[in-house]
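Down below is the structure, laid out as structure tokens.
The values are calculated or read from the model by the stated rules, or taken from the named source; none is laboratory data. Owing to the predicted nature of the structure, the values given are computational and were not obtained by experimental measurement. Reconstructed Cβ throughout: ideal geometry from the backbone, glycine too, with neighbour counts over all protein chains shown. The accessibility values were calculated without ligands, DNA or RNA, using every heavy atom of the protein model including side chains. Shrake-Rupley method; radii C 1.70, N 1.55, O 1.52, S 1.80 Å.
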Amino acid sequence: NNRAMLSQELCHRKSNALCPSHQQRHISSLQAATLQHELGHSRRGFGCFLLPTRLFRFKDNTSRASYKSPEESQGAGAIDPLPYAEAILVQGNASWWQQQFPRRWVIVLLCFASFLLCNMDRVNMSVAILPMSQQYNWNSATVGLIQSSFFWGYLLTQILGGIWADKYGGKVVLGFGVVWWSIATVMTPIAAKLGLPFLLVVRAFMGIGEGVAMPAMNNMLSKWIPVSERSRSLALVYSGMYLGSVTGLGFSPMLIQNFGWPSVFYSFGSLGSIWFLLWLKYAYSSPKDDPELSEEEKKIILGGSKPREPVTVIPWKLILSKPPVWALIISHFCHNWGTFILLTWMPTYYNQAWLLCVLPWFTMAVLANVGGWIADTLSHKLSSMVCQIMQSIGFLGPAFFLTQLSRVKTPAMAVLCMACSQGADAFSQSGLYSNHQDIGPRYAGVLLGLSNTAGVLAGVFGTAATGYILQRGSWDDVFKVAVGLYLIGTLVWNLFATGEKVLD
């Protein structure tokens, strides 16, 4: 018996020698349970509890309460002291929050909100211009000049916005854009009182701010969103533009009726300050800059690759030598010709019916997200073919429904055809608009700036050409031109576009 007891004692001592932290772990766990019981459940939160003592982080990245004094603990070698306030989040609410709502989708929602504000601030002029023209005795030519002055600045910063975003980060550029155009929106009533030249300058300034939004957003998502979630994230952000149009067209008449036309610009513009505060707090240009990003989510985002460094030099010759880049530029022109015509002349076609003007925007917001989820689902099976499939729907769908407009006999069927046309157009968010990140993720901002410049030019020339056609022809002639460009875009896209990376 004595020999057996002595053998057990030696084994016990040997076990403790091999695992010196065994006793400490056992005692610390008992002490933690006792403290938790004493504190009660009122101070619990997100799976962790506050301890009115010091916590220690071990080398295995776990935190435990220690029964030793700080002086004794410093000699242990395996631990380092931390204040309890610094350690309570080691495995507490941070991991819960990240599991429930990933940091990358915080970025997506903030970009969505910025695009919502973008179109709210843009479309309010189309409603407020009527009482403004009555007050200042503007004729139709002056109204057209004011409406077009926005595009002077908008064209100027498309490519510049992409260059700035790729060099300095999307957070800085998008934040600048929202603040800039929000200030310009608030200044619009003041500029109108000062005179027409001041108003034209302020509207051009507003275009400068909104011109950097799309390239900067594209740069942000190219760094934050893994390929498996790219289409749905872009679709959600772009649907913010469509919902912004719905919101702007919905609230502007009520604000004008109750508080006068200046209230539209003051109220919409002030919302940008709220967004900017949230942007400063939660947004980072790259995952490597976010101190609260978990290692697990960082692995999901990067997919085993290293974070991309900011661009220092733009290889213009290389970029412009790639056929997929020109496919983007030409297809964006063809796409926006039809889209801008329909959305700019929609009130005229529907005879100023507000509900009918809003319906296509709402349809696009819904189907853009549907298309995004479909594209991400197909990407696991079809990979590089997804962009061709989705953009072909975005071209051929609108083309088909526009050809049916000349055959319909009732207004209801005309509305249905137009809504279906714009709904199919929304699939372009998962084709054309996501392809910049596919072919050149490091230059996503520059690529979007290039292609969107062509898209804006299509809107400017297409809107003017539509007025010319309507003076000498009919809506059928307008739709025939749009259908022809949709078909050209489909051909170019399927011949030269790709979902593979061509720019490193």
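Observations on the structure shown:
- Selection count, the stretch 116-165, where residues are closer than 30 Å to MET220 by Cβ and among the hydrophobic types (A, V, I, L, M, F, W, C): 16
- Every pair of residues 6+ apart whose Cβ atoms lie under 7 Å, when the first sits in the stretch 386-407 and is open to solvent by less than 10 Å² (accessible area, probe 1.4 Å) while the second is of a type in the set (Asp, Glu): CYS387/ASP438; GLY394/ASP425; PRO398/ASP425
- Tabulated pairs, the stretch 492-504, first in contact (Cβ under 8 Å) with a residue 24 or more places away in the chain, second part of a helix (DSSP H, G or I) and aromatic (Phe, Trp, Tyr), C-beta under 8 angstrom, 6+ apart or interchain: TRP493/PHE395; PHE496/TRP326; LEU503/TYR443
- Looking across MET120, MET187, one residue alone is touching a Ser or Thr at 6+ places or on another chain (Cβ under 7 Å), assigned to a helix (DSSP H, G or I) and open to solvent by 10 Å² or more (accessible area, probe 1.4 Å). It is MET120.
- Whichever residue in the stretch 463-475 is open to solvent by less than 60 Å² (accessible area, probe 1.4 Å) and under 17 Å from PHE333 (Cβ atoms) and, among such residues, is modelled with the highest pLDDT: ALA465
- Conditions (1) more than 26 Å from SER263 (Cβ to Cβ); (2) hydrophobic (A, V, I, L, M, F, W, C); (3) modelled with pLDDT of 90 or more; (4) surrounded by fewer than 16 Cβ atoms within 10 Å (Cβ to Cβ); number of the one not met by TRP164: (4)
- Residue identified as of a type in the set (Ser, Thr, Tyr) and over 16 Å from the mean Cα position of the chain (by Cα) among SER239, SER182: SER182
- When we screen VAL446, VAL460, VAL478 for residues that are out of contact with any His (no Cβ under 7 Å at 6 or more places or on another chain), open to solvent by less than 10 Å² (accessible area, probe 1.4 Å) and closer than 24 Å to ILE341 by Cα, the only hit is VAL478.
- Residues that are among the acidic types (Asp, Glu) and more than 19 Å from the chain's Cα centre (by Cα) are absent from the stretch 224-232 altogether.
- Restricting the search to helices (runs of 4 or more DSSP H) fully inside the stretch 191-277 and requiring at least 1 residues that are at pLDDT below 90 and surrounded by 22 or more Cβ atoms within 10 Å (Cβ to Cβ) gives 213-224, 230-259.
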